[in-house]
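This report concerns only the one structure given below.
Laboratory data are not the source of any read-out in this text; all were calculated from the coordinates shown. On a predicted model such as this, the values are computed, not experimentally measured, just so you know. Every residue, glycine among them, receives a Cβ derived from its backbone with ideal geometry; neighbour counts consider all protein chains shown.
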Amino acid sequence: MCGICGIINLDNTPANQEPIRKMMKIQKHRGPDDEGLFVEDNVGLGFVRLSILDLSPAGHQPMFSDDKRYVVVFNGEIFNYIELKDELKVKGYKFHTGTDTEVLLAAYKHWGEDCLQHFNGMWAFAIFDRQLNTVFAARDRYGIKPFYYLLAKEFIAFASEIPPLLCLLPGKPTADNQSIFDYLVFNRTDQTDRTFFNEVKKLQHGMSLSIHGSEVKVKEWYNLRKKVAATSGFSNAIEYRELFKDAIKVHLRSDVPVGVCLSGGLDSSSIVSVLIKEFQAKDLNTFSAVYGSGHFGDESAFIKEYSAELNNMFYTTPDALTLEQDLSEFCKVHAEPIPSTSPYAQYRVMKLAQGKVVVTLDGQGADEELAGYHYFFGFYFKELLSHGKISKLLREIFYYMYNHHSLIGIKSFFYFLLPKYTRTQVRVNENSYLNENFINKFKRSNSIAGYLYGSKSLTDALLDHFEYKLEHLLKWEDRNSMKFSLESRVPFLDFRLVEKTLATSSDLKLNKGMTKHILREAMKDILPERIRLRRDKIGFGTPQDEWFREPNWQTIIKRIICSESFKSRQIINASVAQELYNQHLSGRKNVAKEIWKWINLELWFQEFID
């Protein structure tokens, strides 16, 4: 886990090391253990290292292939590097380090771009071919590791984060208003190659980028939909459990301490239970956010199910005061607006873990492959209706209502049946504070109402979530962990597990009104029953509605939404926002998520645009 960056001059002028050093410095938190710089002809590569495998100087990057033809900067982990090393040894390759970086280089040398199909892991890397003077870069299947780039007429630059690229601009960056619209209306980011900055793009998951002379090409190397169509799903829970255990096993490969971010939910608890029961990890470190009984987001009762089995359980309590103290830094770390304070809880958990472990595991990705959000019932109901399975539809609606006493699944069902334009309009109407001109300019060009909410079946919806929704969660996790020089790993996103789970029939995901059916069945006798049979879902939630009613936050919020800059952007109607906040203060409404979006967006403008 590291930070990478580079500048390739497309006009073939010699590369300058100074801007690369500046980029390295800006993202030094990603790699405090070592750093390296390579400059040759028109290519410059920079690297900052967080040592995970082979902690010796042998892991230094940029790293050269044995024949010195190729040089790589690599962020991430190839979890099956041991198996690949053995395979490549048979083919005549020799290895001198214990790193996966050396294996990556040998794999590229042997298979070329097809090496990507052999990797099980998370990565963003760039390889310079000194003989052909070409650069090949690639990103992992699901977007776990970041890769941003800035394409100008004279050069292309890339980095693991956005701020290092902003320092290369000749003037101020400008805001991408389509991204802002999607953020405010749909609570979504990262569904395309756009960022909140017009000047910066991201290489999307499953994509590669090649540079030859002045030509830059981006192409797809991995297509999840095609892979799932060619894969047979799980037939039973035992089969699922065995592959899940193996995914956790390879994600444990590390030469530094490993811990788990434990929310108390089904996903992270499944990881902890497997580590205890299958890998006898009694000395495991866990890190959790708690708020006290009765507060929204508090899952301490579930987390404490492990108190008799684990000795190293650590807790943090994010509150209104810590958020106030961290507000400026938190916004800078993410460099783009975030639609809720949930990632802040994760931020505090990562801060808690710093100094105790270097690698963390968590349950990210399980909701998207196992239909963990309640609105997925809407897609399932839509699927049953379209296939004419009316009796099963009515039965599943009954079980859903019986188990959850909620209308979310039913409302989602009817919402997903609406035409695309109407779906957008419904969401716009829910956000009455938006400026009308802003709405009219961007409501027809969003990609969410059509793609993410237009899925025809549950499997289609899950595939669309991997394509258009999952990545922003992974981005927030990357920023939160790397801020504190931690590597975050997500075993549910082992590609073998993802492909087989998504190919599995819908009734093994949603069954009798319960989510993640096959995981719950697989965890029998492993997971505490109180957690295995949980019906609610919180994750790293926060009691933000309470926070935003506290006196200090009233001052902060009113200062922002009454400011001239807030009014002048012509995105949010300030008077409507002020009235909604007054209703929030009186308890008539809970608009905490909207309040956060307003202040986060304005602080982002002030920090990065103004």
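List of remarks:
- Centroid-to-centroid, using Cα positions, the stretch 252-315 and the stretch 464-536 are 16 Å apart.
- Applying a threshold of 21 Å to the alpha-carbon distances of 25/332; 85/202; 89/217 flags 85/202; 89/217 as lying beyond it.
- Whole-Hz ³J(HN,Hα) from phi, Karplus 6.51 cos²θ - 1.76 cosθ + 1.60, for the stretch 161-175, glycine and proline x: 9, 6, x, x, 7, 5, 5, 8, 6, x, x, 6, x, 10, 7
- Principal semi-axes in Å for the stretch 548-609 [√(5λ), Cα gyration tensor, largest first]: 19, 12, 10
- Estimated vicinal HN-Hα couplings, Hz - the stretch 117-126 in sequence order (Karplus 6.51, -1.76, 1.60; Gly, Pro = x): 5, 8, 8, 10, x, 9, 6, 9, 8, 9
- A crude spin-label estimate for the pair residue 132 and residue 407, with each label 7 Å from Cα along the Cβ direction, gives 6.0 nm.
- Here the peptides 467-479, 588-600, 521-533 are ranked by packing, the mean other Cβ count within 10 Å, and the order with the highest first is 467-479, 588-600, 521-533.
- Placing +1 on each Lys and Arg Cβ and -1 on each Asp and Glu Cβ, with no other charges, gives the chain a dipole about its Cα centre of roughly 1440 debye.
- The Cα atoms of the stretch 213-256 give a gyration tensor whose axes a ≥ b ≥ c have a/c of 1.5 or more with a/b no greater than b/c, which makes the shape oblate.
- Size of charge dipole - the stretch 376-467 - debye, nearest 20, with Cβ of Lys, Arg +1 and Asp, Glu -1, no other charges: 220 debye
- Listed residue pairs exceeding 23 Å between alpha carbons, taken from 304/512; 68/91; 145/441: 304/512; 145/441
- Diffusion coefficient of the stretch 71-206 by Stokes-Einstein, Kirkwood radius over Cα pairs, 37 °C, 0.692 mPa s: 197 µm²/s.
- Under 5 Å from the amide H of residue 35 lie the amide H atoms of 49, each residue being 5 or more positions distant or on a separate chain, with H modelled from the backbone and absent for Pro and chain starts.
- Residue 327-residue 429 pseudo-label distance in nm [points 7 Å out on the Cα-to-Cβ vector]: 3.4 nm
- A Förster radius of 51 Å, combined with the Cβ-Cβ distance separating residue 606 from residue 283, puts the computed FRET efficiency at roughly 0.65.
- For residue 199, residues with placed amide H under 5 Å, excluding near neighbours: 174
- The alpha-carbon of residue 516 sits under 16 angstrom from the alpha-carbons of these lysines, leaving out residues fewer than 8 places away in its chain: 500, 524, 537.
- Proximal aspartates and glutamates to residue 589, defined as alpha-carbon separation beneath 20 angstrom and excluding residues fewer than eight positions away on the same chain: 430, 545, 546, 550, 579
- Net length gained if the chain between residue 398 and residue 34 were fully extended (0.36 nm per residue, minus Cα distance): 125.2 nm
- Annotation for the stretch 135-198: trypsin sites (Lys or Arg not before Pro) lying in DSSP loop with at most 11 further Cβ atoms inside 10 Å of their Cβ are 153.
- Difference of contour (0.36 nm per residue) and Cα-Cα distance, residue 11 to residue 174: 56.2 nm
- Along the stretch 514-524 the Karplus relation, 6.51 cos²θ - 1.76 cosθ + 1.60 evaluated at θ = phi - 60°, assigns HN-Hα couplings of 10, 7, 6, 4, 5, 5, 4, 5, 5, 8, 4 Hz to successive residues, with x for each Gly and Pro.
- 5 Å-binned pair-distance histogram of the stretch 437-584 (Cα, whole percent): 2, 7, 9, 11, 14, 15, 15, 11, 9, 6, 2, 0
- The overall shape of the stretch 159-225 is oblate: from the C-alpha gyration tensor, with semi-axes ordered a ≥ b ≥ c, the ratio a/c is 1.5 or greater and a/b is no larger than b/c.
- Computed from the C-beta positions of residue 440 and residue 503 and an R0 of 45 Å, the FRET efficiency is 0.60 to the nearest 0.05.
- Between the stretch 367-387 and the stretch 27-97, the Cα center-to-center distance that results, in Å: 42 Å
- Anisotropy class of the stretch 209-328 from Cα gyration tensor, a/c 1.5 cut: oblate
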